[in-house]
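Data block below; observations after.
The values are calculated or read from the model by the stated rules, or taken from the named source; none is laboratory data. These numbers were taken from a predicted model, which means no experiment stands behind them. Note that each Cβ is placed from the backbone with ideal geometry, even for glycine, and that neighbours are counted across all protein chains shown.
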Amino acid sequence: MPIELHADTDTMNESEFDKKATDALLYIEQAIEESGADIDFEGTGGILTLEFENGSKIVINKQGAAKQIWVAAKSGGFHYGFVNGQWINDQGGGELMSELSRFIREQSGQNVTLS
């Protein structure tokens, strides 16, 4: 059952959401690039795809209608709303960057710390 959070996205207009979500995706790209990890990534049209040596992928995308960032990983699908300055999982309350770091480690065996 989703956690009831008073999300900042409730009062955010589409333009504000798009900027915050785009900034998050760009941050993820930059952090992966700087980590030196062997992870291929491609960002296009609000979708960021991470591909690992073992062929598995993580897909991160902006969902404008829901004002969320969605993540599809081997461990499942997750939805994050913008709450108190962070992207928070509406299913478990975890923060996007820390959970994504774990998903990357689980799928690739590589440590990439996103914060």
### Query
Identify, please: which residue in region 43-63 is at pLDDT 95 or above and charged (D, E, K, R) and is, among those, surrounded by the most Cβ atoms within 10 Å (Cβ to Cβ)?
K62
### Message
Kindly evaluate S115 against the criterion of being under 25 Å from K19 (Cβ atoms), without any contact (Cβ under 8 Å) to a residue 40 or more places away in the chain and hydroxyl-bearing (S, T, Y).
### Response
yes
### Summary
Note on region 33-42: residues aliphatic (A, V, I, L, M) and loosely packed, with under 12 Cβ neighbours inside 10 Å are none
## Note on the structure
Matching residues in region 1-32 (in contact with a Gly (Cβ under 8 Å, 6 or more places away or on another chain), at pLDDT 60 or above and surrounded by 12 or more Cβ atoms within 10 Å (Cβ to Cβ)) number 8
#### Entry: Total residues in region 64-102, condition under 11 Å from the mean Cα position of the chain (by Cα), under 12 Å from A21 (Cα atoms), of a type in the set (A, V, I, L, M, F, W, C) and buried (at least 16 other Cβ atoms within 10 Å of the Cβ)
3
### Query
Looking at (1) touching a strand residue (DSSP E or B) at 6+ places or on another chain (Cβ under 8 Å); (2) farther than 16 Å from R102 by Cβ, which is the only condition N54 fails?
(1)
